[in-house]
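Heads up, the thing below is written out as structure tokens.
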Amino acid sequence: MENNANESLIPYPPISVSESAPDYIGHRARMRQKLLGKGAQSLSDAELLELILMTAIPRKDVKPLAKKLMREFVSFAQIIHAEPDRLRQIKGVGESVICLLKIIEGACETLLRPAIKKETVLKEWNQIIDYCRFTLAHEKEEHLYLIYLDKQMRLITMDDFQKGSEDRVDIMPTSILKRALNLGASSLIMVHNHPSGSAKPSQEDLHCTAELNEFLMHAGISVFDHLIVAKQKIYSINQRKLVLGAI
């Protein structure tokens, strides 16, 4: 398409709102204009949540509900990670709202999830860190994730391998070995979360890492790293330091 230098750009007309329309209609129009004109980065957590609620609840002022949710869960991230049963306890939150929040959670996870590429895991390290933080930082129980790597340190796949309790998750060396062999993995990264909020590894964490590595080495498989995830913090046992945040 040719670009006519003499042709002036015509902006989209402003959204008109009838004087007889409810006040929240005008507010919705202004919010949408802000989103489209300045981008999502210009919105606060509360404003972003309000726009989502507008989609799920089209004929009602949703600002009070957005404020209620922010008071209850503190942040947008906590809201989209909240369990459906917990969300149902908030008056005004119906199935349409819950479904939309869970769609957004799933979409975010899909976008952050490292793809199977030709690059080594070290070149995708920041993406793996972001994915682990998004997936595990807000979980109320401990989970063990396993990331399987080939001989060139490239990602094969990753599993939500085991779910535990609030303060522990069991590691099953035989099951881990069987899965790694089936995938043809040469090494793996262990990832588990600390719902308590501290990313500092316990003595049990260190012991289990060393014990699993020794067990897998008999089959020619190694534990490349063990990442411990807390809210805004991730500790690398291999590097013996925080790779995100501060303890």
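The values are calculated or read from the model by the stated rules, or taken from the named source; none is laboratory data. This is a predicted model, so every value here is computed, not measured. Reconstructed Cβ throughout: ideal geometry from the backbone, glycine too, with neighbour counts over all protein chains shown.
Of the residues making up region 194-237, those that are buried (at least 16 other Cβ atoms within 10 Å of the Cβ) and assigned to a loop (DSSP other than H, G, I, E, B) are His194, Pro195, Ala199, Pro201, Ile221, Lys231, Ile237.
Please indicate, with yes or no, whether at least one residue in region 188-196 is among the hydroxyl-bearing types (Ser, Thr, Tyr) and at pLDDT below 95.
Looking for residues that are among the hydroxyl-bearing types (Ser, Thr, Tyr) and at pLDDT below 95, one finds at least one in region 188-196, hence yes.
Six or more apart or on different chains, Cβ atoms under 8 Å: show the pairs whose first residue is in region 142-166 and in the same structural domain as Cys132 (by TED's automatic domain parsing) and hydroxyl-bearing (Ser, Thr, Tyr) and whose second is assigned to a loop (DSSP other than H, G, I, E, B) and at pLDDT 90 or above. That search, which allows pairs on different chains as well, returns Tyr148/Ala185; Ser165/Glu141; Ser165/Glu142. Apart from one condition, Val97 fits all of (1) surrounded by 15 or more Cβ atoms within 10 Å (Cβ to Cβ); (2) under 30 Å from Ser186 (Cβ atoms); the exception is (2). If you check Arg168 against the conditions, is it surrounded by fewer than 21 Cβ atoms within 10 Å (Cβ to Cβ), basic (Lys, Arg) and assigned to a loop (DSSP other than H, G, I, E, B)? In short, yes. With respect to Gln127, is the statement that it is loosely packed, with under 15 Cβ neighbours inside 10 Å and either closer than 30 Å to Ser187 by Cα or outside the structural domain of His192 (by TED's automatic domain parsing) (or both) true? No, not satisfied. When we screen Ala180, Ala137 for residues that are surrounded by 12 or more Cβ atoms within 10 Å (Cβ to Cβ), in the same structural domain as Ile228 (by TED's automatic domain parsing) and under 19 Å from Glu214 (Cβ atoms), the only hit is Ala180. Has region 13-35 got at least one residue that is modelled with pLDDT under 90, in a loop (DSSP other than H, G, I, E, B) and within 19 Å of Ile80 (Cβ to Cβ)? No, region 13-35 contains no residue that is modelled with pLDDT under 90, in a loop (DSSP other than H, G, I, E, B) and within 19 Å of Ile80 (Cβ to Cβ). The one condition from (1) within 15 Å of the chain's Cα centre (by Cα); (2) over 26 Å from Ile80 (Cβ atoms) that Ala210 does not meet is (1). For region 37-60, a residue qualifies if it is crowded, with 18+ Cβ neighbours inside 10 Å and polar (S, T, N, Q), but none of them does. Just the residues that are closer than 27 Å to Thr55 by Cα and touching a strand residue (DSSP E or B) at 6+ places or on another chain (Cβ under 9 Å), please, taken from region 83-130. If the condition is that a residue be closer than 27 Å to Thr55 by Cα and touching a strand residue (DSSP E or B) at 6+ places or on another chain (Cβ under 9 Å), then Arg113 is the only one that fits.
Scanning region 61-90 for residues that are charged (D, E, K, R), exposed (fewer than 13 other Cβ atoms within 10 Å of the Cβ) and not in a helix (DSSP H, G or I) returns a single hit, Glu83.
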